[in-house]
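Below you'll find the structure, written out as structure tokens, and then a few comments.
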Amino acid sequence: MKIHYFASEAWEEAYVRTKMGGDEIAFHKGPLSTFPDLEDESAETLCIFINSSIGEAELSRFPSLKLIATRSTGFDHIDLAAAKAHGVTVVTVPFYGENTVAEFAFALLLSLSRRISEAEASVKAGGFSPVGFRGFDLAGKTIGVIGTGHIGAHAIRMAQGFDMKVIGFDAYPNAELAQTLNFAYASLEELLTAADIVTLHVPYNAHTHHLINKENIRAFKKGSYLINTSRGAVVETEALVEALKVGTLAGAGLDVLEEEGDMADETLLLVQSHPNENALKIALANHYIIEHPRVIVTPHTAFNTTEAITRILDASIENIRHFSEGSPTNVVS
């Protein structure tokens, strides 16, 4: 196939060429918009990232196009109706960081449980004493996993590796998974009441908006911890602040904040600044949680590892290969 590949990082070309030696590939550094004069009557595939928008105007520049392979989970940068009208198939990368995000959730939890950030800050300030940094064991604690899909299942396996008791909540409980991983489902309120740590692994949608809110945050076990690596708006910020102030929550590990809004695809952060960067900076500057000694806030980076990004490339290469063989995978249009 003749492919135009719009790269985000310099190393991609060498990596992709070793995997797709039999294809004719033209590499371009940057998004499609960087090349407004690029036209190709014989191109069959465009391999793009989330920063390349494709609509009617772009499609008209590639009249023989058969496939758009986006190296992202989201696809709102592609006009699906226009692609369908042109007979172009669109494929995505639905999963790439299940273990990656779960590992980061535990990185946040371990930093909180062993007071690592505080201890490190003390050493950098010239101190070298363990006094004041007593933590707690994970072994024997109850962790509540909200959302038992791909990421949540990894979190459950990791928790059991720490000898923790696991309870789960999901809008669509998976009885087979519960039996295989030896955990029990509970109602949301039951989970919040029983868990020493609650970790969130749900997508953001109308049903999960403020899933943790002013009403149910009171049900949390006093002195428990909240970990959020899903989406910020799953947690109502005012509820979180109040719970920290009164001690319902002893602390929190947050890779996402409500002020981020609904990010369709977090990999966008790899190629451009945060879409709400200015508003986010203002909010952070005045935020109670950012100054709380038992809260860790990181900049939406749970997905961001070399291995996860490599999996995105591998999945995209496989998507192109399967399409060329007549058995397309991960098709959205």
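Values in this text are rule-based calculations from the coordinates and carry no lab data. Predicted model, so just to flag it, every value in this text is computed and none were measured. All Cβ positions, even for glycine, are placed from backbone atoms using ideal geometry, and neighbour counts span all protein chains on display.
Numerical summary
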| quantity | calculated |
| --- | --- |
| DSSP H segments from the chain that extend 24 Å or more along their own axis, Cα-based, with Kyte-Doolittle mean of 0.0 or above | none |
| Residue-averaged [θ]222 nm for the chain, counting only DSSP H segments that reach four residues, each worth -39500 (n - 2.57) | -9500 deg cm²/dmol |
| Calculated P(r) tail over 13 Å for segment 188-232, as whole % of Cα pairs | 55 |
| Square roots of 5 times each gyration tensor eigenvalue, C-alpha, segment 98-302, largest first, Å | 25, 22, 17 |
| Label-to-label distance, nm, for residues given as GLN160 and LYS124 (7 Å Cα→Cβ offset) | 3.8 |
| For ASP314, net neighbour charge (Lys/Arg +1, Asp/Glu -1) across residues whose Cβ lies under 13 Å away | +1 |
| Relative contact order (percent, whole number), segment 98-302, Cα cutoff 8 Å, 6+ residue spacing | 19 |
| Listed residue (HIS287, GLY251, ALA153) projecting farthest to the positive dipole end of segment 98-302, Cβ model | GLY251 |
| Set of aspartates and glutamates near LYS66 by C-alpha distance (under 17 Å), chain-local residues within fewer than 8 positions excluded | ASP23, GLU24, GLU39, ASP40, GLU41, GLU44, GLU56, GLU58, ASP79, GLU318, GLU325 |
| Spin-label model distance (nm) - THR301 vs ARG114, 7 Å beyond Cα toward Cβ | 1.9 |
| Paramagnetic label zone (point 7 Å from Cα along Cα-to-C-beta, ASP40; backbone N under 12 Å) in segment 1-27 | 1-7, 23-27 |
| Kirkwood Rh (inverse of mean 1/r, distinct Cα pairs), segment 92-132, angstrom | 12.3 |
| Proportion of all alpha-carbon pairs of segment 91-182 beyond 15 Å (%) | 66 |
| Cα-based reach from LYS214 at 28 Å (exclusive), listing lysines while leaving out same-chain residues under 8 positions away | LYS141, LYS165, LYS222, LYS245, LYS281 |
| For segment 118-137 versus segment 153-214, the gap between their alpha-carbon centres in whole angstrom | 32 |
| Descending semi-axes in Å of segment 40-92, equivalent ellipsoid built from Cα gyration tensor | 16, 11, 10 |
| About the Cα centre, charge dipole magnitude for the chain (Lys/Arg +1, Asp/Glu -1 at Cβ), debye | 1180 |
